[in-house]
Every structure is written in C-alpha cells, then in structure tokens.
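The values are calculated or read from the model by the stated rules, or taken from the named source; none is laboratory data. Predicted model, so just to flag it, every value in this text is computed and none were measured. All Cβ positions, glycine included, derive from the backbone under ideal geometry; neighbour counts span all protein chains shown.
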Amino acid sequence: MSSYRIISEVSKLLKQTLWNGFDGDAALTQHVPDRESIVLINPGENPSQVRRISLWLYQVQENEFLRNKPKSREANDDTRVRYPALPLNLFYLLTPSTNDVVGDQLVLGRSMQIFHDNAILRLENPDEPAEAEELRITMCQRDLRELAEVWEALQQPYRLSVCYEVRVPRIASLRTERVQRVEDRTFGFEENETGALR
C-alpha cells in the first residue's frame with residue numbers, strides 16, 4: 001500500500017507505459033515526438049500544437065468491493081491495529097490530438113494496443129521497496145451518450161476518445177487504534193434443567 005502520492009504515481013506510470021510503446025516507431029513519433037507530448041491535463045485545456053495526446057484523470061471512486069476490509073495488526077506492535085487502506089478506481093480519458101484524422105486513429109489504435117498488452121502493471125512503492133501495487137487496466141464500457149456528457153462538461157465538442165479504468169491503487173491509512181491483548185481465558189461448565197452439561 002502507498003501514501004497519498006499513489007494517484008500521481010499511477011498517472012506517471014501510465015504516461016511512461018504509453019511512451020515506451022511509441023518510442024522508436026517512426027509512424028507514431030511523427031505525431032507523438034517525445035514523452036512530453038503525452039500530457040495529463042484535460043483535452044480541452046490550453047490547446048496548442050505541442051500537445052499530441054491527453055491522458056486525463058477525470059474521475060476517482062472508492063472501490064466498493066474492497067472498502068470493508070478488516071483492520072490489521074501493526075507489524076512491530078501487536079497492541080495496535082491499523083485501519084484499512086482506501087481502495088480506489090481511477091478513470092482516465094485518452095484523447096489523441098494530432099491535428100490529423102489519420103494520425104489520431106494511429107495514435108489511438110497504438111495506445112489501445114499498449115494498454116491491452118500491459119493490462120497488469122506493477123507500481124513500485126518508494127515508501128516500502130519490498131511492496132508493489134498491482135494495477136489492472138481495463139477499457140470502460142462507455143456509450144456515446146456517456147462520452148458526450150464528459151465532453152459537454154468540458155464545454156468542448158465531442159472528439160475521438162476512449163476511457164480506461166485502473167484498479168486498485170490503495171492509499172494507506174495513517175489511523176491506528178490501541179487494542180487490549182487477551183491475557184488468559186477461563187472455561188466453566190454447568191448443568192441445565194435436563195442434567196446435561198453446557
């Protein structure tokens with residue numbers, strides 16, 4: 001589990017994964033010439049010739065299946081328990097912006113191939129080098145109406161784009177609680193009305 005920095009670390013990892021797939025392919029690097037051409041801002045912000053592809057984190061949700069995990073004992077202090085981590089689902093909008101229809105389709109196709117081939121990524125934890133987050137990347141099933149609503153919220157005309165969901169980065173809780181250790185237990189038996197022990 002990671003600190004609050006994990007959201008930005010996930011975004012940087014996705015950006016680097018895309019660039020690793022583009023680098024060295026002349027058909028793509030004419031549209032995405034360098035790593036800095038992959039930006040993490042929303043696709044409607046500050047249009048310029050420099051931007052080639054936008055990978056924008058547009059929604060963050062708590063993962064509903066992992067949010068009720070129990071508290072866990074601290075590794076070096078069995079009198080304390082730590083509250084469970086906050087599990088997240090991150091939603092990204094990937095939008096090519098090459099100023100060329102064919103270029104947009106090439107970049108989009110390669111981006112989809114990259115994320116399909118790297119559907120599971122490991123994110124090293126700088127706080128705990130022995131631990132790593134396992135991230136799963138899936139394409140979101142968004143219909144045209146749902147995508148159009150995203151673009152409408154940006155006050156931009158609809159453009160070719162695709163959504164991805166990344167599960168499950170977790171933000172470790174800093175909240176702990178002291179618990180009492182069970183020192184001893186006693187057992188007793190007594191007869192009920194029928195004479196049987198209980």
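Conditions tested, residue by residue: (1) buried (at least 18 other Cβ atoms within 10 Å of the Cβ); (2) touching a Phe, Trp or Tyr at 6+ places or on another chain (Cβ under 6 Å).
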residue: L90; (1), (2): yes, no
residue: P96; (1), (2): yes, no
residue: V102; (1), (2): no, no
residue: Q105; (1), (2): no, no
residue: G109; (1), (2): no, no
residue: M112; (1), (2): no, no
residue: I137; (1), (2): yes, yes
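Every test in (1) within 21 Å of E165 (Cβ to Cβ); (2) at pLDDT below 90 is passed by V81 save one, and that test is (1). Looking only at residues of the range 81-121 that are hydroxyl-bearing (S, T, Y) and outside any loop (DSSP other than H, G, I, E, B), we find that the one that is nearest to D25 (Cα to Cα) is S111. Look at (1) at pLDDT below 90; (2) exposed (fewer than 12 other Cβ atoms within 10 Å of the Cβ); (3) not aliphatic (A, V, I, L, M) and you find that G24 fails only one, number (1).
Under the condition of being surrounded by 14 or more Cβ atoms within 10 Å (Cβ to Cβ) and over 17 Å from the mean Cα position of the chain (by Cα), the residues counted in the range 2-21 number 2. Look at the range 126-154: where a residue is under 15 Å from T95 (Cα atoms) and a partner is loosely packed, with under 11 Cβ neighbours inside 10 Å and modelled with pLDDT of 75 or more, sitting 6+ places away or on another chain with Cβ atoms under 8 Å, you get W151/P157.
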